[in-house]
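Visitor: Got a structure for you, written out below as structure tokens; questions coming shortly.
The values are calculated or read from the model by the stated rules, or taken from the named source; none is laboratory data. These numbers come from a predicted model, not from an experiment. Cβ placement follows ideal geometry from the backbone for every residue including glycine, while neighbour counts extend to all protein chains displayed.
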Amino acid sequence: MSAKKLLVVDDQPGVRFLICEIFREEGYSVAEAGNFEEAIETAKKFMPDVALVDMRLGNNKGYDGGDIIKELKQCIPELVSIIVTANGEPDKLNKAMMNGAVYCLEKPFTVGEIVGVVNEQYEKYAWGEKK
């Protein structure tokens, strides 16, 4: 069985770094992106099993996490997408869920919470031999 693959999308380099390190320690193969374009380009090359996408990305020219999830799901329909947010904006959360997010993780979260959510959603929605 190959390592589970996680794509982390967040515009804050420090946050991306910490999340990536946490999941590398958990045995995941991890890739990261800081904006819409990087997320799509990286996903097409990396082919992640799970995407952890921040809702509000300050450098995305009007795109939000829901837009990224929609595009990611068009590229990789079986992708397990989790939206991360500090602001529970109902319209944006609804959009993300309608675009394919399977879970909303609210900030702040503990290491145990983020690892638990990603592992749980991976197991719940994973497919084929990767299970």
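Visitor: Restricting attention to the stretch 103-131, which residues are buried (at least 16 other Cβ atoms within 10 Å of the Cβ) and within 24 Å of Gly62 (Cα to Cα)?
Guide: Within the stretch 103-131, Tyr103, Cys104, Leu105 meet the criteria.
Visitor: What's the total number of residues in the stretch 43-55 that are within 12 Å of the chain's Cα centre (by Cα) and assigned to a loop (DSSP other than H, G, I, E, B)?
Guide: Number satisfying all stated conditions: 3.
Visitor: Next question. Say whether the condition of being small (Gly, Ala, Ser), crowded, with 17+ Cβ neighbours inside 10 Å and assigned to a helix (DSSP H, G or I) is met by at least one residue in the stretch 56-76.
Guide: Yes, that holds for at least one residue.
Visitor: Examine the stretch 86-94 for a residue that is among the aliphatic types (A, V, I, L, M) and over 16 Å from Asn35 (Cα atoms), and state whether such a residue exists. Let's see the steps before the verdict.
Guide: Going residue by residue through the stretch 86-94, those that are among the aliphatic types (A, V, I, L, M) are 86, 93.
Imposing the further condition that a residue be over 16 Å from Asn35 (Cα atoms) reduces the set to 86, 93.
Scanning the stretch 86-94 turns up at least one residue that is among the aliphatic types (A, V, I, L, M) and over 16 Å from Asn35 (Cα atoms).
Visitor: Hey, another quick one. For the subset of the stretch 81-96 comprising residues that are modelled with pLDDT of 95 or more and out of contact with any Lys or Arg (no Cβ under 8 Å at 6 or more places or on another chain), which member is nearest to Leu57 (Cα to Cα)?
Guide: Ile83
Visitor: Scan the stretch 52-59 and give yes if some residue there is of a type outside the set (Asp, Glu) and at pLDDT 95 or above, otherwise no.
Guide: Among the residues of the stretch 52-59, at least one is of a type outside the set (Asp, Glu) and at pLDDT 95 or above, which makes the answer yes.
Visitor: Is it the case, given these coordinates, that Gly14 is closer than 21 Å to Pro108 by Cα, out of contact with any His (no Cβ under 7 Å at 6 or more places or on another chain) and surrounded by 15 or more Cβ atoms within 10 Å (Cβ to Cβ)?
Guide: Judged against the criteria, Gly14 is not a match.
Visitor: Right, something else. Can you report the number of residues in the stretch 21-44 which are within 24 Å of Ala126 (Cβ to Cβ) and either touching a Pro at 6+ places or on another chain (Cβ under 6 Å) or buried (at least 19 other Cβ atoms within 10 Å of the Cβ) (or both)?
Guide: 9
Visitor: Another one. Residues that are farther than 24 Å from Ile22 by Cα, outside any loop (DSSP other than H, G, I, E, B) and under 13 Å from the mean Cα position of the chain (by Cα): does the stretch 78-99 have at least one?
Guide: Yes, some residue in the stretch 78-99 is farther than 24 Å from Ile22 by Cα, outside any loop (DSSP other than H, G, I, E, B) and under 13 Å from the mean Cα position of the chain (by Cα).
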